[in-house]
Amino acid sequence: MQMFTTGSCRILTQVVSITVLLAGSWEIAHAQEGSVQHVHDPVIARDGNKFFLFSTGKDIPVRTSADLFSWSPSRSVFSRIPDWALHEVPEAKNIWAPDISFFNNKFHLYYSISTFGSKQSCIGLATTPSIDPNSPNYKWTDGGLVVKSDSSTNYNCIDPNIVLDGNKMPWLSFGSHWGGIQLVSINPKTGKPSGRVQGIAKRPSTAIEAPFIFRKQSLYYLFVSFDQCCKGVDSTYKVMAGRARQVQGPYVDASGKPMLDGGGSLVLSGYGSIKGPGHNAVITVGESDYLVHHFYDETSNGVPTLQIRPIIWESGWPLIGEPIGDGDFEDNRKSKISPSSILGTWDHYVEDGRKLNVELKPGGTINAGRATWSFTNKTLELRWPKGGVGSGEWVDRCIVSPNGDWYVGRNGSGALIRGVKR
């Protein structure tokens, strides 16, 4: 029997809009700060001037922040697993992978109840007018069962996520392993299914889970996690994506391969001390989008830890930068980075796992044979000769961060490239 992931390790979030730059002068960080370790499957929502982070645990623990960067403990949602859920899954020990959304004038918290390696699973719902414990409108109401699975179904009811379509109608995606990712329409008044369950993504290996659908202009982007989480530094989780013109799909990756046939374009995988990043969400801050996920921190014995990263949209597909450290990535539009400011030594990572020590030297040369570099309007091009003179070259095209501390892009074959300045 294949071993499956616990809780599927997703970090979800409600799409957040704020009109001002997040407060604080941030520096590039290995992770967010404060109470961000031992955070599995977080979801972030904003209520008033504060952000609230929900995560997997016996009672759905909550943390709060004023700036999405520094977090502190707050009040949990439940005191214990609801009785109805224990009736459905008697051996459950924790509440997994919460998802927070706002529609019909209420916050809707969907969550998973399951056990390791089992399809005896269900998704529940709790609602409240406010998620701020200091608000007079703070009151969680148990909405009970939403959808369930067992040995007779070809899918697993964990990892819920709500997306609102172009008509502001909610859709619930969910799924882990087995039959892959599922989608069902939701009645906005009840928060319960109003249509049939349909598959939107799967893999022959079955190692796919943690869906998050993000609507960007007229397209829907389906983010999922491939491979294994919950194994500490041995986790092989990675974030993949496809897109569609309708919320129901069909979703295809950048090469045109359907996600129902195992397709998916890599957007984030482990590198350096960052192991198994995955179970992501997307939040919007002003006009900028950010990827939210957890990873296993090799420098802290594989502790699951929160990160939030800027998304750069290039040719309709996401590129993922380094963890936020200097405020809103929207500043990149005003970047004044000059060629001379990016001189120096970089840790250069390639999708296949290679790490190179790259020194960008004056005059456009690199400390690697006949390799060269050039920089124009935020774009760094690294050219690597294939062989002898006249044999051609590989070209990495990357976007440089506003402060010149990192770059991210793809090579001519579409493989991810990233660099972090030493």
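The values are calculated or read from the model by the stated rules, or taken from the named source; none is laboratory data. This structure is a prediction, so every number in the text was calculated from the model and none was measured. Cβ sites come from the backbone with ideal geometry, for glycine too, and all protein chains shown count toward neighbours. Keep in mind that these areas ignore ligands, DNA and RNA; they rest on the heavy atoms of the full protein, side chains included. Shrake-Rupley method; radii C 1.70, N 1.55, O 1.52, S 1.80 Å.
At-a-glance table
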{"read-out": "Which numbered condition GLU27 fails, given (1) surrounded by fewer than 17 Cβ atoms within 10 Å (Cβ to Cβ); (2) at pLDDT 95 or above; (3) closer than 24 Å to HIS293 by Cβ", "value": "(2)"}
{"read-out": "Tabulated pairs, region 291-312, first among the small types (Gly, Ala, Ser), second part of a strand (DSSP E or B) and open to solvent by less than 10 Å² (accessible area, probe 1.4 Å), C-beta under 7 angstrom, 6+ apart or interchain", "value": "GLY302/TYR296"}
{"read-out": "Of residues in region 384-406 being closer than 23 Å to PRO318 by Cα and open to solvent by 40 Å² or more (accessible area, probe 1.4 Å), the one modelled with the lowest pLDDT", "value": "ASN403"}
{"read-out": "Number of positions in region 73-124 that are open to solvent by less than 50 Å² (accessible area, probe 1.4 Å), over 28 Å from THR206 (Cβ atoms) and within 21 Å of the chain's Cα centre (by Cα)", "value": "2"}
{"read-out": "Residues (free of Cβ contacts under 8 Å to residues at least 60 places away in the same chain, hydrophobic (A, V, I, L, M, F, W, C) and more than 23 Å from TYR290 (Cβ to Cβ)) located in region 47-84", "value": "ILE81"}
{"read-out": "Lone qualifier among GLN248, GLN228 - being surrounded by fewer than 23 Cβ atoms within 10 Å (Cβ to Cβ), within 30 Å of SER300 (Cβ to Cβ) and in contact (Cβ under 8 Å) with a residue 60 or more places away in the chain", "value": "GLN228"}
{"read-out": "All positions within region 344-383 that are open to solvent by 70 Å² or more (accessible area, probe 1.4 Å), among the hydroxyl-bearing types (Ser, Thr, Tyr) and in contact with an Asp or Glu (Cβ under 8 Å, 6 or more places away or on another chain)", "value": "none"}
{"read-out": "Boolean, PHE212 is at pLDDT 95 or above, surrounded by fewer than 24 Cβ atoms within 10 Å (Cβ to Cβ), closer than 24 Å to TYR290 by Cα and not acidic (Asp, Glu)", "value": "no"}
{"read-out": "Region 35-54 - residue that is over 26 Å from PRO129 (Cβ atoms) and open to solvent by less than 60 Å² (accessible area, probe 1.4 Å) and, of those, modelled with the lowest pLDDT", "value": "HIS40"}
{"read-out": "Which numbered condition THR128 misses (of (1) closer than 27 Å to CYS230 by Cα; (2) free of Cβ contacts under 8 Å to residues at least 24 places away in the same chain)", "value": "(1)"}
{"read-out": "Strands (runs of 3 or more DSSP E) within region 338-383 that include 1 or more residues at pLDDT 95 or above and under 26 Å from the mean Cα position of the chain (by Cα)", "value": "344-350"}
{"read-out": "Filtered residue count, region 105-132, keeping only those that are at pLDDT below 95 and among the hydrophobic types (A, V, I, L, M, F, W, C)", "value": "1"}
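Per-residue answers, yes or no, for (1) in contact with a strand residue (DSSP E or B) (Cβ under 7 Å, 6 or more places away or on another chain); (2) under 22 Å from SER265 (Cβ atoms):
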position: GLY364; (1), (2): yes, no
position: THR379; (1), (2): yes, yes
position: TRP384; (1), (2): yes, no
position: ASP396; (1), (2): yes, yes
position: ASN403; (1), (2): no, no
position: TRP406; (1), (2): yes, yes
position: SER413; (1), (2): no, yes
position: LEU416; (1), (2): yes, yes
